[in-house]
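Worksheet: one structure, shown below.
The values are calculated or read from the model by the stated rules, or taken from the named source; none is laboratory data. Being a predicted model, the structure only gives us computed values, none of them experimental. Using ideal geometry, Cβ is built from the backbone for each residue, glycine included, and neighbour counts are taken over all protein chains shown. Side chains included, ligands, DNA and RNA excluded: accessible areas come from the protein's heavy atoms. Shrake-Rupley method; radii C 1.70, N 1.55, O 1.52, S 1.80 Å.
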Amino acid sequence: MEHTITISTEGSFKKPENAGQIHNTLNTEIDVTPETLRELVTTDTEVFEKAHHWCPAVYDGKRKNENWKSQSVFALDFDDGTSPMQVVQRFVGASVELGGITLCPQVYYTTFSHSRSHPKYRLVWFLDQPVTDPKRRDFIQEGLLDLAPEADRACKDAARLYYGGLDGHVFHEARTDTEALVDYLNCQRVEDA
């Protein structure tokens, strides 16, 4: 299954200074796999010279929360210095709880502000089916944030723009079972209540 995201037509080598300019170029829908996403959004590949900025959703018109149409890709942003492997291991543990159904993100990439002493990065999940209900989208996004409390909670809206970054890695290509993820997040909410 291909996953459709929205990308900017222009890339960059550093964090943009004017997000408004990116908004005007964020109008191309493109189908991606975990590997092609990594190639599009990082500067460490030979495929694209610059990192493209992107949204994990597609829109009916301009990129606005109210124009959200669907998405099968979800991302979390980490800028608090937490080790990415610490967070990924938590999702690996959740996968073991589910009998091997993968909840582990497919893609990891560092942001333009990343350093070894203070890691900043994104984790990206590819679901096995698109989400077309905005309430379900919000539930999944909030649930992922609950599982990774170190993630930036401001990065949860349906029109979220993610800047490209420096380098990345594809952990695996297996898609996350959407129904199993929703069931797991429901169970976590009940346990936390």
R0 of 22 Å, Cβ-Cβ distance Lys15-Ala154: FRET efficiency to nearest 0.05 = 0.85
So how much slack lies between His23 and Lys50, counting 0.36 nm per residue of separation and subtracting their Cα-Cα distance, in nm?
-> 8.0 nm
For the chain the mean separation of alpha carbon contacts under 8 Å (6+ apart) over residue count, i.e. relative contact order in percent, is 27 percent
Among Thr102, Pro119, Ile30, pick out the residue whose Cα is farthest towards the positive end of the charge dipole of the chain, where Lys and Arg carry +1 and Asp and Glu carry -1 on C-beta, about the Cα centre.
-> Pro119
The answer for the chain, accessible area per residue at 1.4 Å probe in Å², is 47 Å²
Between Asn65 and Asp133, how many nm apart are label points set 7 Å from Cα along the C-beta direction?
-> 2.0 nm
Rounded, prolate or oblate: which fits region 70-142, taking a ≥ b ≥ c as square roots of the Cα gyration tensor eigenvalues, rounded meaning a/c under 1.5, else prolate when a/b beats b/c?
-> oblate
Tell me, what is the 1.4 Å probe accessible area of Asp80, in Å² to the nearest 10?
-> 70 Å²
Please get the size of the charge dipole for the chain, origin at its Cα centre, with Cβ charges of +1 on Lys and Arg and -1 on Asp and Glu, quoted in debye to the nearest 20.
-> 500 debye
Cα centroids of region 17-42 and region 80-159: how far apart, whole angstrom?
-> 18 Å
With all protein chains present, the chain has a carbon and sulfur share of its accessible area (1.4 Å probe) in percent of 49 percent
Between Ala75, Ala51, Ala148, find the one with the highest GNM mean-square fluctuation for the chain; connect C-alpha pairs within less than 10 Å.
-> Ala148
